[in-house]
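Presented below is the structure to which this report refers.
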Amino acid sequence: MVDLESEVPPLPPRYRFRDLLLGDQGWQNDDRVQVEFYMNENTFKERLKLFFIKNQRSSLRIRLFNFSLKLLSCLLYIIRVLLENPSQGNEWSHIFWVNRSLPLWGLQVSVALISLFETILLGYLSYKGNIWEQILRIPFILEIINAVPFIISIFWPSLRNLFVPVFLNCWLAKHALENMINDLHRAIQRTQSAMFNQVLILISTLLCLIFTCICGIQHLERIGKKLNLFDSLYFCIVTFSTVGFGDVTPETWSSKLFVVAMICVALVVLPIQFEQLAYLWMERQKSGGNYSRHRAQTEKHVVLCVSSLKIDLLMDFLNEFYAHPRLQDYYVVILCPTEMDVQVRRILQIPMWSQRVIYLQGSALKDQDLLRAKMDDAEACFILSSRCEVDRTSSDHQTILRAWAVKDFAPNCPLYVQILKPENKFHIKFADHVVCEEEFKYAMLALNCICPATSTLITLLVHTSRGQEGQQSPEQWQKMYGRCSGNEVYHIVLEESTFFAEYEGKSFTYASFHAHKKFGVCLIGVRREDNKNILLNPGPRYIMNSTDICFYINITKEENSAFKNQDQQRKSNVSRSFYHGPSRLPVHSIIASMGTVAIDLQDTSCRSASGPTLSLPTEGSKETRRPSIAPVLEVADTSSIQTCDLLSDQSEDETTPDEEMSSNLEYAKGYPPYSPYIGSSPTFCHLLHEKVPFCCLRLDKSCQHNYYEDAKAYGFKNKLIIVAAETAGNGLYNFIVPLRAYYRPKKELNPIVLLLDNPPDMHFLDAICWFPMVYYMVGSIDNLDDLLRCGVTFAANMVVVDKESTMSAEEDYMADAKTIVNVQTLFRLFSSLSIITELTHPANMRFMQFRAKDCYSLALSKLEKKERERGSNLAFMFRLPFAAGRVFSISMLDTLLYQSFVKDYMISITRLLLGLDTTPGSGFLCSMKITADDLWIRTYARLYQKLCSSTGDVPIGIYRTESQKLTTSESQISISVEEWEDTKDSKEQGHHRSNHRNSTSSDQSDHPLLRRKSMQWARRLSRKGPKHSGKTAEKITQQRLNLYRRSERQELAELVKNRMKHLGLSTVGYDEMNDHQSTLSYILINPSPDTRIELNDVVYLIRPDPLAYLPNSEPSRRNSICNVTGQDSREETQL
C-alpha cells in the first residue's frame, strides 16, 4: 500500500512560519481572483424582470395597478355615455363618432399611454425568441385596439371624437384579476382553492359578457331607439335568462347581429366554464375541501388520520367519541389518502353526522393537507393503523411517519397513536397516548386462562354505555348482565367528592368497602397529587389524603348522580337494587346482617398468593350464633400485620423438605434478563437459575438432555395452556410474562406450549428460555396429529390467535373464515376443551360454536338485532361465546384509545389490570372461586367486607355460570310421549325429564335402540289425528337431531382415539362426551351489594402488591435472578 503522506508535497517554506506571524497579511500579495456569481441578474433586463415578474410582492402590486387601470377605463367609458347627448345627423356617423369632452379625452389618453407602455414592457420581458407569439396574444390585440387610437389622436386632433370600444377593457381586467389572485397566493405562501379560482373565473366571465353586451347594444342602438344603459341592462338580463318579454328589442341589423354574436359566444364560453366548475366540484366532494381557519379558531375539532377508512372503524370511533356529553360540540375531521368509500359516504350523509364530520382526502405527510385540516388548531390527532394489511410491520412504519409528520407540523397538538407491533413503540414515545395492539391482545389472552373472561371484563369497562342493554329481555341474566355492563371507570378528587370525602385520613380498604356499602361504587385505585403513577388497591396501609384522585367503578360519574337518603328511599318505596329475583335480599336485611355485634379478630397473618378461601370462621362457644365478619378498620394496625416474606411461594407449604429444596433450586424470582423488544415494562417473574438450551424448548423433539417427544411424556402436574399462532412475534412475549409473574403460586403455574406454524427465531428463544415450563412446537391446528402431540387432550385452555396472513381478504369479513372453521373443528373434536379465540371483526363472533338448529342461539341473534336497532354500542355482548370470555376482537379495544381523550388515565389503568405495567405499591388482577364452604357469606356486600377486613382485596365483579333452562335444547332429550307411548315408556320418559338438568344424554351404548324407538314414536304419531301434530313433530325432530348428533360425536371420538393409538399416545383421560353447551356464563361488573353469591361464582379481585408489605421491597426487586429469595413462609391465610 502506498503511503499517503508521501504523495502530498510539503508546503513551501514561505507558507509556514511567516503565516503564523503575519496572519492574513501574508496573503495580501498573493495572486487571487475574486469571483462574483449571478452576474446575469445584474443586467437591466433581469432587474426589470425581477421587479415585474419574478418578485411576488412587486408583481402583485403591478397586477393590482393594471387591474385598477382597466376598471378606470371602463368607468370613463360609462361616464362618457352618460354625459353624451347625441346630435342629429347621418345615422352611421353616430356609430363611428361620439361626443367626448376634452378633460375626459385627456384622462383616456393618459390611461391608454400607461397601459400600452406596460403591455409592451411585459411583452419585452417575457420575449423568448418568437415575436409573433407575443403579438398574436388576445390580451395584446385588445390592448392595441383600445390604446392606439387614443395615442394617434394626440397627433391628429380630428380623431379625438373617434369611437373606441373601451368597454372591451373589461376582458383585460378579468385577465389581470386572474393573474393578481395567483400572485396573491404566491406572495402569502398559501395554496388557493381551485374551486375558488374557477368560481371567480365564471363570475368574471358572466360579468364581462353582460357588460360587453350592454355597451355594445347601447352603442349600436344610437341609430335606432337610442337606448340608455339601464334599458340595455334590462334587455341583456331578460335575454340571457331566456325570459324574453319582448318589450325592449333591437331595431337595427347591426345590433341584432351583435346580439346573435354574443349569444353564440355565451353558448360556447359558459358551458366550458360550467363544466370545469362541475368537475372541480366533484373532485372537491372526493377530496373534501378545506376546514376553514375561522372555524378552526372558533370551534373545537379533532383530526382522525387513517390509511383506509372502513365503515366499522368509523362508526366505532363516532359512537364512542360522541358518547361523552362534553364532546357534543366537537367536529371530527377525517384525513385519509383514499377516496371516500360508498358506505362511508352514505353514513356521512345522515344529518346526525353530516353536521359533525368533515372528510378530507389527503395525506398526513403533506403539509398542505395538514393545513387543510388545520392540524395546528386541533384539540387532538388520532392516528390509527391498518390492521387488515398482510404486512403489519409496513403498516406500523406508515403510522410512525404520520406521527412524525404531525409532530413536526403541529408540535403542540396531542397525539393518540395506535401501533400494531410492540417493537415499533419506541419510535413514537413522544406521543401523549399509545396503544400497542399485540401487547394488549396477548396480555388479555393470557389472563383469560387464569381469570376467566378477562377480555370481556376489560371490553365492557372501556365501552361507554348507560347499562340499558337487555332491559327489555325476559331473561333475568340478560337484565343483570346488561345493567352491570354500564359500569365504567371514573375519577374525582377526594375533597370534592360526596362518595369519598368523609374517608379522609382513613385506610384505602376502609374507604373502598364503605363507599360500596353506602353508595354502591367500587373504589379501585388512587393517585397522589404530586405523583403520576396510579396505584390500584394500594392496601390497608395506604391513608387517603384530601388531594388524592380517586378512581372508581360506577354506572355514571358522581357529577351526574343524585343522592337520596334512606328515609326518602323508604318513603318512596323504591329499592336501590335493580335486581328483583327471588334470590336477592332487601337492603335492610343486608345492613342488619353486616352489623352484627359479635366480631372476629382481624386475620393478620400472611396472605396466600393463591386465591383466598372464604372458610367458615370458628365460633367456639358461640356455636348457636350466626357467623359474623370482622369490621374493616379505619387505619390498619401495623403492629398486628405481620411482614411476611411474600416473595416466597406459599404453595410450597404442602411439600416435603426434599421437594422444597429441589423447588428452591429450580426457580428464582427476578426480572427477565432479556427482552425481545425495546420498551417492554420490566415485570418481576418466576425464572430459572440457568437458561434452558434451545433444543430442550422443542416439545416434540428429543435431544441429548431429555428424551420426551410429546406433552404426555413430561408428566406435568397442571394442565397445559396451548397457544396456536402463525409466528412467534414479540407480542407473544406478553402472553408468557403475566402467567409467570411473581405473585402466581408455583404450584399453579401451567405449562405453556406454543404451537407455531413457522419456527421461531433465535431472539425469541433467547427471551423465553429463562421462563419455567415454556415450550414450543412447529405445527398447525389444521393437523390433528400436531394437536394430539402438543397435549390438547389434557389442556386447560386452547388459545387461538388470528393469523396475520389471513387478516386481509377480498371480502373484509372473510378474513376470519379460516380461524372460525378451525375453532369449530376443535369444538367438535374436543368438546370439553376451553377454547379462547381472537378474531379480526367483532361481527364474526356470532359464528363461534355455531349451531344452526339451536333455538336459544337464534333468540340471542334476534336480541342482538333489537339492541342494534336501539342504538346500542354493545349489541354483540349477549352472544354466549363473548359473554363467557371465549372470543374477543382486538378492534373492540380501539375504544380504549378514543376514551383516553376524555379519560387520560384509562390506558394506564388497563395496563395495570392486564399486568403490562407494574408500579411499586399497585395491586394486580386475580380471581377466586366460590365453593360450597364459602356460601355462608351469602351476599356480595358481606363478601366485600370479608375480603377487605381479612386480606385487603377489593372485589370488582363476578363471573357467573348458569345452566340453560330451555325446553328444546340440543343437549337434552325431553320429549313427552304421553300421547303415543305406553305407561312404562311414559314413566321412564318422565323420570328422564325430571333428571335432565343433571345429565346431558343417556347411555350411548343403546342409541340404536333409542333410534328405533324414535322411529316407532314417529309412526304412531303419524297414525294420530292432527291434534298436537305441530308440537310433537317439532319434539320428534329435536330428538332425532340429538340422536344423530350423538352418533356423530362417537364417530369423532373414534377418529381421535385411533389417531392417538397410531401416534403411540395413551387414550386415558380423553373425555369424549363432556359437553358444556348446556351452560352459559356472563360477567357482573360491580354488582349490587344485595346480590347473592352462588356456587362456582368466580370473583374478580384487585389484590394489593405483596412487595408493599416488605420493609425492603425495593432492594429485593433488584436482586439478580440467580439469587434465591429467603426462606418460604409457612403461614397461609384463609378468610
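A few notes on this one:
- In this structure, the amide hydrogen of residue 300, modeled 1.01 Å from its nitrogen in the peptide plane, lies closer than 5 angstrom to those of 331, counting only residues at least 5 positions away or on a different chain.
- Take the Cβ atoms of residue 294 and residue 203, set R0 to 22 Å, and the FRET efficiency comes out at 0.50.
- Segment 343-434: C-alpha gyration tensor shape, a/c 1.5 cut-off, then a/b vs b/c: oblate
- Extension gain, residue 83 to residue 154: 0.36 nm times the residue separation minus the Cα-Cα distance gives 23.3 nm.
- Simple spin-label estimate for residue 861 and residue 51 in nanometres, 7 Å along Cα-Cβ: 8.3
- Annotation: peptides 730-742, 265-277, ranked by per-residue average of other Cβ atoms within 10 Å with the highest first, follow the order 730-742, 265-277.
- Value in Å of the Kirkwood radius, where segment 232-385 supplies the Cα pairs that are averaged: 18.9
- In the structure shown, the pairs 717/1061; 174/225; 310/557; 441/818; 746/929 are assessed against 27 Å; a Cα-Cα span above that value is assigned to 174/225; 310/557.
- Three-way shape call for segment 93-250 based on the alpha-carbon gyration tensor, with the a/c threshold at 1.5: oblate
- Listed values for segment 250-256 are Karplus-derived 3J(HN,Hα) couplings in whole Hz (6.51 cos²θ - 1.76 cosθ + 1.60, θ = phi - 60°), namely x, 10, 7, 5, 5, 5, 5, and x replaces Gly and Pro.
- Placing R0 at 22 angstrom, the Cβ-Cβ distance between residue 780 and residue 1058 gives a FRET efficiency of 0.65 after rounding to 0.05.
- Mean-position separation - Cα centroids, segment 426-485 and segment 886-961, in angstrom: 11
- By definition, a body whose alpha carbon gyration tensor gives a ≥ b ≥ c is prolate when a/c is 1.5 or more and a/b is larger than b/c, and segment 66-185 fits this prolate description.
- Under the Karplus curve 6.51 cos²θ - 1.76 cosθ + 1.60, θ = phi - 60°, whole-Hz ³J(HN,Hα) for segment 419-433, x wherever Gly or Pro sits: 10, 9, 9, x, 5, 9, 5, 5, 6, 10, 5, 6, 5, 5, 9
- Other-chain or far-sequence residues with amide H under 5 Å of residue 358's (modelled H): 332, 333, 334
- Placing a pseudo-label 7 Å from each Cα along the Cα-to-Cβ vector at residue 338 and residue 528 gives an inter-label distance of 4.9 nm.
- Each label was represented as a point 7 Å from its Cα along the Cα-to-Cβ direction; for residue 426 and residue 763 these points are 1.0 nm apart.
- The residue list 507, 490, 458 was ranked by how far each Cα lies along the charge dipole of segment 450-528 toward its positive end, using unit charges on Cβ atoms, and 507 comes out on top.
- Carbon/sulfur fraction of accessible area - segment 344-409, other protein chains in place, 1.4 Å, %: 53
- Förster radius 30 Å - calculated FRET efficiency between residue 35 and residue 137, Cβ distance, rounded to 0.05: 0.15
- Around residue 106: net Lys/Arg minus Asp/Glu count, Cβ-Cβ under 12 Å: +2
- Phi angles of segment 345-360 translate, via the Karplus equation with coefficients 6.51, -1.76, 1.60 and θ = phi - 60°, into HN-Hα couplings of 4, 5, 5, 6, 8, 5, x, 5, 9, 5, 8, 10, 10, 10, 9, 10 Hz per residue; Gly and Pro are given as x.
- Averaged per residue, segment 49-114 has 59 square angstrom of accessible surface, using a 1.4 angstrom probe with ligands and nucleic acids left out.
- Amide H contacts of residue 675 (H built 1.01 Å from N, under 5 Å, at least 5 apart or other chain): none
The values are calculated or read from the model by the stated rules, or taken from the named source; none is laboratory data. The shown structure was predicted, so the numbers you read here are calculated from the model rather than taken from an experiment. Don't worry about glycine lacking a Cβ; one is built from the backbone with ideal geometry, like all the others, and counts go over all protein chains shown. For accessibility, only protein heavy atoms count, side chains too; no ligands or nucleic acids. Shrake-Rupley method; radii C 1.70, N 1.55, O 1.52, S 1.80 Å.
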